[in-house]
Structure formats: C-alpha cells, structure tokens
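What follows is a set of notes on a single structure, which appears directly below.
The values are calculated or read from the model by the stated rules, or taken from the named source; none is laboratory data. Values in this document were obtained by computation on a predicted structure and should not be read as measured data. Methodologically, a virtual Cβ is constructed for each residue, glycine included, from the backbone with ideal geometry; neighbour enumeration extends over all protein chains shown. Areas reflect the complete protein model, heavy atoms only, side chains present, ligands, DNA and RNA absent. Shrake-Rupley method; radii C 1.70, N 1.55, O 1.52, S 1.80 Å.
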Amino acid sequence: MKQLFQLEKKTDYLGQTKYFIWYQGSTDIFRDLHGSFETQEEAEKEFDKLIKQYRNPTTEIIKQTEI
C-alpha cells in the first residue's frame, strides 16, 4: 500500500503565505487536506508526525515537499 504526503507552500495575491499538508491513499482518487499552517516550522513538525504515525511494514511512504 502506498500513502502520498505533500507539503505545499502557497502565497495568495496579497502576499500572505500558508503551508498545506495533503494526504492521498493508494485507493483514493483525490487528495485530502490534512491541515493548513501559518509557519513552515509548524507545518514541517506536523508533516514529520504524520509520517511517523502512518509508517508500518506494509506501507510505502511517499514524501513530497514543494517549498
């Protein structure tokens, strides 16, 4: 089984930056929003926590970052 985790940095037209964590399982068609964060530090901490939570012998973790 594969799990895809994405950490994205988005800046809106006003110049405000937010960080988003997306999750997608191997059987999912669409990805789900796990959460949004104000700082990169908060987002990376949650991202690493998520990876540890889902890690098991039958799961391949695919970690992507777009920062």
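So, in the range 28-48, how many residues would count as being open to solvent by less than 90 Å² (accessible area, probe 1.4 Å) and aromatic (Phe, Trp, Tyr)?
Adding up the residues that qualify gives 2.
Filter the range 2-27 for residues that are under 22 Å from THR59 (Cα atoms) and exposed (fewer than 11 other Cβ atoms within 10 Å of the Cβ) and give the result.
THR27
Any residue in the range 5-20 that's in contact (Cβ under 8 Å) with a residue 40 or more places away in the chain: show its pairings with residues that are of a type in the set (Lys, Arg) at Cβ separation under 8 Å, as long as the two are six or more apart or on different chains.
PHE5/LYS63; GLN6/ARG31; LYS9/LYS18; TYR19/LYS9; TYR19/LYS10
Mind checking which residues of the range 49-67 are free of Cβ contacts under 8 Å to residues at least 24 places away in the same chain and open to solvent by 70 Å² or more (accessible area, probe 1.4 Å)?
Within the range 49-67, LYS49, LYS52, GLN53, ARG55, PRO57 qualify.
Would you please list the contacts, defined by Cβ atoms under 9 Å and residues six or more apart or on different chains, that run from a residue in the range 34-45 that is touching a residue at least 12 places away in the same chain (Cβ under 8 Å) to a residue that is of a type in the set (Lys, Arg)?
Listed pairs, sorted by first residue: SER36/LYS10; SER36/LYS18; PHE37/LYS18; PHE37/LYS45; GLU38/LYS18; GLN40/LYS9; ALA43/LYS9; ALA43/LYS18.
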